[in-house]
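Read through the structure below, which is laid out as structure tokens, and then see the notes.
The values are calculated or read from the model by the stated rules, or taken from the named source; none is laboratory data. Fair warning: this is a prediction, and the values are worked out from it, not measured in the lab. Note that each Cβ is placed from the backbone with ideal geometry, even for glycine, and that neighbours are counted across all protein chains shown.
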Amino acid sequence: MTRPVIAVTDLTRTYRVGEIDVHALRGASLEIQPGEFVALTGPSGSGKSTFMHLIGCLDRPTAGHYLINGRDVARLSSHQLARVRNQEIGFVFQGFNLLSRTSALENVELPLLYAGGISASERKARAADALAGVGLGDRMHHHPNQMSGGQQQRVAIARALVNKPALLLADEPTGNLDTRTGIEVMEIFQRLNIDRGLTIVLVTHEPDIAEYGTRIVSFRDGRVRADGPVAARRTAATSFRAWP
């Protein structure tokens, strides 16, 4: 049987705010297999973004167990966690998180620079290849303020992919985009999932965006309330044909 990319058991996260304990996650258990495209949904405050931060090793759980590719995250040192975040997981955020004073190429090079041991020429070549893969081969020397929101998100996707991660985490990646541009971003994700077999976990509050995945996990009150395959998966190509 294939080993899960992600396996969490009774994962909880409690924050202390003044004298009050805020239970953001109340015992989530979930497995994600290689090649899945999982959409995490739920209302604001349901725990889906907290769950995303935990599986992305951006935060540590209060209790529970989390295995990434069979390794117990609790046993990893800070240095090992940083390596996992840099080389095994790609991150895409709603706000793009690009450096405004650097070009698209330089933004995409950053994870390679942090990884170390890669020559400048190889960094540039790999970053250029990643940008070409998201349709921005002719925009690599432009700065974020010279790009549309959709183009900036494509740069962010290229940056997430440049280290060839096994897992891509996307937190509301279409939240700042218009509908058509959002479909373009989902087309990239579907292509990465289908053609490359990349495992993708996406947080969204939009039901139609969730249906571009293969599986939907619904959170409410810090718990997993529903988990099942997408009954009628949307495809970007079909969405474009239906566009007025």
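Some notes on this structure:
- Hey, A170 within 27 Å of G116 (Cα to Cα), surrounded by 17 or more Cβ atoms within 10 Å (Cβ to Cβ), of a type in the set (G, A, S) and out of contact with any Phe, Trp or Tyr (no Cβ under 6 Å at 6 or more places or on another chain) or not: yes
- R85 vs. criteria in contact (Cβ under 8 Å) with a residue 24 or more places away in the chain, more than 15 Å from the chain's Cα centre (by Cα), under 25 Å from M186 (Cα atoms) and part of a helix (DSSP H, G or I): no
- Search result, residues across region 190-217 that are surrounded by fewer than 17 Cβ atoms within 10 Å (Cβ to Cβ) and over 13 Å from A170 (Cα atoms): R191, I194, D195, R196, G197, E206, P207, D208
- Residue that is nearest to the chain's Cα centre (by Cα) [pool: residues in region 53-82 that are under 27 Å from R16 (Cβ atoms), part of a loop (DSSP other than H, G, I, E, B) and not aliphatic (A, V, I, L, M)]: G56
- Residue check for R139: surrounded by 15 or more Cβ atoms within 10 Å (Cβ to Cβ), in contact with an Asp or Glu (Cβ under 7 Å, 6 or more places away or on another chain) and more than 20 Å from A232 (Cβ to Cβ): no
- Filter result for N107 (under 20 Å from the mean Cα position of the chain (by Cα), assigned to a helix (DSSP H, G or I) and not basic (K, R)): yes
- Within region 1-52, the set of residues being within 22 Å of G90 (Cα to Cα), in a loop (DSSP other than H, G, I, E, B) and touching a helix residue (DSSP H, G or I) at 6+ places or on another chain (Cβ under 9 Å) comprises G35, E36.
- Scanning region 198-228 for residues that are charged (D, E, K, R), part of a loop (DSSP other than H, G, I, E, B) and within 24 Å of I183 (Cβ to Cβ), we see that the one that is modelled with the lowest pLDDT is E206.
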